[in-house]
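Asks: After the structure tokens below, expect a handful of questions from me.
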Amino acid sequence: MTKKVLVTGSAGLIGSEAVKFFCNKDFDVFGIDNDMRSYFFGKEASTLWNKNKLEEQFKNYTHFSLDIRDEVGLTKIFKEHAFDLIIHTAAQPSHDWAAKEPLTDFSINATGTLYLLENFRQHCPEAVFIFTSTNKVYGDTPNKLPLIEEETRFELPRTHHYHKGIDENMSIDNSKHSIFGASKVAADVMVQEYGKYFGLKTTVFRGGCLTGPAHSGAKLHGFLAYLVKCVATGEKYSILGYKGKQVRDNIHSYDLVNAFYHVFQKPRSSEVYNIGGSRHSNTSIIEAIEVAEKLLKQKAQVEYVDTNRIGDHIWYISDVSKFKSHYPTWEYTYDNQKILEEICSLGHFK
């Protein structure tokens, strides 16, 4: 019998990658996405183009324009379909935006996740539930690391415990998370709890920078995609604090969804994994601008603002050792250079 996958946020970066991945493996894929991204960030961030593309491309894809806070609508879908896998990527993704509407942010990120978990428990408890959390659950604790300022980036001393990357043992307590970070913590812990308390197969991925050409990059969310869009179109790009030397590790959406597939094939209960580009794929903002300028053969229009975003990480690189130890056949197919090359050549610029 053909297996069924439910993907929330199915027109977004990771959701659409999951739709493509599992449709190509002949799963029946069902997506939930109501284009809230355009509400968060404006028309330029709309994912409707991506939703339409998926519906045209895949006959085994069914789309529901539904809000994950619609408990009645969700229950109807779960009653009609016995899902084998649930990939939950729908979210309000910006810590800047969350401060404007904390109730909206929490209702989507936390309450919406709980609605999904409860439907999963009630209607398909043998399924696998995968949740895309965020490195923002660690709050600003990474900023307390003994960082060294280099010419183009901040770095950790080679002798430091976290030089390889931040692992899952970093505390999520006693830090400034941002409102967004706090709502994702609530969801993150609840997904774990449904695994621990009810014995369900749940996995949490705490992502670094998730990226790829399907990202509808906007000023408040979508680091590399938005940066490339600015360079390509001549739009001014604002570097917010830390001299543009803040470091992010970047993982391509395909590599992340492939990690989901590895979990689905050999599921575990209530696991948490830090996932990102690790030492394999990372960049500072000014390093990324330089690469994008070379690839696009165009000078970036850049302004520098001294004030950094509240709770923003100065340096964040993921240690993916735990995931690799559980799933040793998983490998990266993209590094930072290859990601930027693809975004520059295939990016969705308006």
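The values are calculated or read from the model by the stated rules, or taken from the named source; none is laboratory data. Source: prediction; values computed, not measured. Cβ sites come from the backbone with ideal geometry, for glycine too, and all protein chains shown count toward neighbours.
Asks: If the requirement is being at pLDDT 95 or above and within 16 Å of the chain's Cα centre (by Cα), which of these qualifies: Ile77, Ile108, Ile32? Spell out the reasoning first.
Replies: Numbers: Ile77 fails: within 16 Å of the chain's Cα centre (by Cα); Ile32 fails: within 16 Å of the chain's Cα centre (by Cα).
So the residue among Ile77, Ile108, Ile32 that is at pLDDT 95 or above and within 16 Å of the chain's Cα centre (by Cα) is Ile108.
Asks: Testing Leu74 on (1) in contact with a strand residue (DSSP E or B) (Cβ under 9 Å, 6 or more places away or on another chain); (2) part of a loop (DSSP other than H, G, I, E, B); (3) of a type outside the set (Phe, Trp, Tyr); (4) over 21 Å from Ser46 (Cβ atoms), one condition comes back false. Which one is that?
Replies: Of the numbered conditions (1) in contact with a strand residue (DSSP E or B) (Cβ under 9 Å, 6 or more places away or on another chain); (2) part of a loop (DSSP other than H, G, I, E, B); (3) of a type outside the set (Phe, Trp, Tyr); (4) over 21 Å from Ser46 (Cβ atoms), the odd one out for Leu74 is (2).
Asks: Here is a list of conditions, (1) within 14 Å of the chain's Cα centre (by Cα); (2) at pLDDT 95 or above; (3) part of a loop (DSSP other than H, G, I, E, B), and Ala259 meets all of them except one; can you say which number that is?
Replies: Among (1) within 14 Å of the chain's Cα centre (by Cα); (2) at pLDDT 95 or above; (3) part of a loop (DSSP other than H, G, I, E, B), Ala259 violates only (3).
Asks: Can I ask one more? If Ala82 satisfies every condition in (1) over 25 Å from His262 (Cβ atoms); (2) surrounded by fewer than 16 Cβ atoms within 10 Å (Cβ to Cβ); (3) touching a residue at least 24 places away in the same chain (Cβ under 8 Å) but one, which is the exception?
Replies: Unmet condition: (1).
Asks: Looking at (1) of a type outside the set (Ser, Thr, Tyr); (2) closer than 28 Å to Asn50 by Cβ; (3) touching a helix residue (DSSP H, G or I) at 6+ places or on another chain (Cβ under 9 Å); (4) surrounded by fewer than 16 Cβ atoms within 10 Å (Cβ to Cβ), which is the only condition Gln265 fails?
Replies: (3)
Asks: Another one. Of Val185, Val191, which residue is surrounded by 22 or more Cβ atoms within 10 Å (Cβ to Cβ) and of a type in the set (A, V, I, L, M, F, W, C)? Reasoning before the result, please.
Replies: Values: Val185 fails: surrounded by 22 or more Cβ atoms within 10 Å (Cβ to Cβ).
Unique residue meeting the criteria: Val191.
Asks: Asn24: over 19 Å from Gln92 (Cβ atoms), of a type in the set (S, T, N, Q) and touching an Asp or Glu at 6+ places or on another chain (Cβ under 7 Å), yes or no? Explain how you work it out, then say what you get.
Replies: Numbers: over 19 Å from Gln92 (Cβ atoms): yes; of a type in the set (S, T, N, Q): yes; touching an Asp or Glu at 6+ places or on another chain (Cβ under 7 Å): no.
In short, no.
Asks: Which ranges mark the strands (runs of 3 or more DSSP E) fully within the stretch 148-241 that have 1 or more residues being at pLDDT 95 or above and touching an Asp or Glu at 6+ places or on another chain (Cβ under 8 Å)? Outline the logic, then answer.
Replies: Details: elements: 201-207, 209-211, 237-240.
By residue number, 201-207.
Asks: Moving on to the next point. Out of the residues in the stretch 293-350 meeting the condition of being β-branched (Val, Ile, Thr) and surrounded by 15 or more Cβ atoms within 10 Å (Cβ to Cβ), tell me which one is farthest from the chain's Cα centre (by Cα). Step through it out loud before you land on a result.
Replies: The initial filter retains those residues of the stretch 293-350 that are β-branched (Val, Ile, Thr), namely 302, 305, 307, 310, 314, 317, 320, 329, 333, 339, 343.
Subsequent filtering for residues that are surrounded by 15 or more Cβ atoms within 10 Å (Cβ to Cβ) retains 302, 314, 317, 320, 339, 343.
Values: Val302: 26, Ile314: 18, Ile317: 14, Val320: 15, Ile339: 15, Ile343: 16 Å.
For the stretch 293-350, the residue satisfying everything is Val302.
Asks: Only residues that are under 23 Å from Phe260 (Cβ atoms) and surrounded by fewer than 23 Cβ atoms within 10 Å (Cβ to Cβ): list them for the stretch 138-168, please. So that I can check it myself, show each step before the final result.
Replies: Of the residues in the stretch 138-168, the ones under 23 Å from Phe260 (Cβ atoms) are 138, 165-168.
Residues satisfying the conditions are Gly165, Asp167, Glu168.
Asks: Sticking with this one: Among the residues of the stretch 269-318, count how many are in contact with a strand residue (DSSP E or B) (Cβ under 7 Å, 6 or more places away or on another chain) and either among the basic types (Lys, Arg) or over 23 Å from Tyr242 (Cα atoms) (or both).
Replies: 8
Asks: Then there is this: Which residues, counting only those in the stretch 323-337, are touching a residue at least 60 places away in the same chain (Cβ under 8 Å) and within 21 Å of Val247 (Cβ to Cβ)?
Replies: Phe323, Tyr332, Tyr334, Asn336
Asks: What do you reckon, is Thr132 in contact with a helix residue (DSSP H, G or I) (Cβ under 7 Å, 6 or more places away or on another chain) and in a strand (DSSP E or B)?
Replies: Details: in contact with a helix residue (DSSP H, G or I) (Cβ under 7 Å, 6 or more places away or on another chain): yes; in a strand (DSSP E or B): yes.
Taking the combined requirement at face value, the residue satisfies it.
Asks: Determine, yes or no, whether Ile87 is in contact with a Phe, Trp or Tyr (Cβ under 9 Å, 6 or more places away or on another chain), assigned to a loop (DSSP other than H, G, I, E, B) and over 18 Å from Ser318 (Cβ atoms).
Replies: Values: in contact with a Phe, Trp or Tyr (Cβ under 9 Å, 6 or more places away or on another chain): yes; assigned to a loop (DSSP other than H, G, I, E, B): no; over 18 Å from Ser318 (Cβ atoms): yes.
Spelling it out, it is not the case that Ile87 is in contact with a Phe, Trp or Tyr (Cβ under 9 Å, 6 or more places away or on another chain), assigned to a loop (DSSP other than H, G, I, E, B) and over 18 Å from Ser318 (Cβ atoms).
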